[in-house]
1. Would you tally the residues in region 21-46 being at pLDDT 90 or above and closer than 20 Å to P106 by Cα?
2. Taking helices (runs of 4 or more DSSP H) that do not extend beyond region 81-143, which have at least 2 residues that are surrounded by 13 or more Cβ atoms within 10 Å (Cβ to Cβ) and at pLDDT 95 or above?
3. Residues being of a type outside the set (A, V, I, L, M), open to solvent by less than 30 Å² (accessible area, probe 1.4 Å) and modelled with pLDDT of 95 or more: count how many of those fall in region 47-62.
4. Find the residue count for region 63-80, including only residues that are among the aliphatic types (A, V, I, L, M) and open to solvent by 60 Å² or more (accessible area, probe 1.4 Å).
5. Between a residue in region 78-100 that is of a type in the set (A, V, I, L, M) and any residue that is surrounded by fewer than 14 Cβ atoms within 10 Å (Cβ to Cβ) and part of a loop (DSSP other than H, G, I, E, B), which pairs come within a Cβ distance under 7 Å, given they are 6 or more apart or on different chains?
Amino acid sequence: MRGWREGGLALVVAALLGFGLLLFTGESLGDPDPDPRAPISFDPEAAARGELLAEGEACLQCHTVDGRLGTTGPTWKGLAGSSRPLVSGEFVTATDTYLFNSIVDPNSQVVQGYQPVMPDYFVDQLTEQQILDLVEYIKSLST
């Protein structure tokens, strides 16, 4: 019985440590926050595909790429790597993960000053690679 207790206790301790690490690191598990002093890097070929996709999917009817505000959605110029105030009162850094999730589940983290009107139908319309290409295009607008 003593061996089971020690093994069970070790398993519980390992699980708690793993959970604590997850809480401590948060989003950085898959996508570390960019260094605000570091330039944004992007794949030029993927960004070019993303630009064509943004035009073809009418993304630019609601999002600008020149910094103009006042449209239905936030501008993409300078977005990648920036701190974004959300309607919830929280702030989030526009990492690759944030940008990807904003396309896939756009109303989960709505930027302050905007309404949750972006449709989430893109999941059924775009492949994962196309979404990644859009992310690369958005990143290219922050260099």
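The values are calculated or read from the model by the stated rules, or taken from the named source; none is laboratory data. Since this is a predicted model, take the numbers as computed values, not measurements. Glycine gets a Cβ as well: all are built from the backbone with ideal geometry, and neighbour counts include every protein chain shown. SASA here: full protein model, heavy atoms, side chains in, ligands and nucleic acids out. Shrake-Rupley method; radii C 1.70, N 1.55, O 1.52, S 1.80 Å.
1. Of the residues in region 21-46, 0 are at pLDDT 90 or above and closer than 20 Å to P106 by Cα.
2. So the answer is 96-104, 128-140.
3. Step one: filter region 47-62 for residues of a type outside the set (A, V, I, L, M), giving 49-51, 55-57, 59, 61-62.
Add one more test, that the residue is open to solvent by less than 30 Å² (accessible area, probe 1.4 Å), and what stays is 50, 59.
Within this subset, residues satisfying the condition of being modelled with pLDDT of 95 or more are 50.
Counting residues in region 47-62 that are of a type outside the set (A, V, I, L, M), open to solvent by less than 30 Å² (accessible area, probe 1.4 Å) and modelled with pLDDT of 95 or more gives 1.
4. Summing the residues that are among the aliphatic types (A, V, I, L, M) and open to solvent by 60 Å² or more (accessible area, probe 1.4 Å) in region 63-80 gives 1.
5. Note: pairs meeting the criteria are L86/Q112; V87/Q112.
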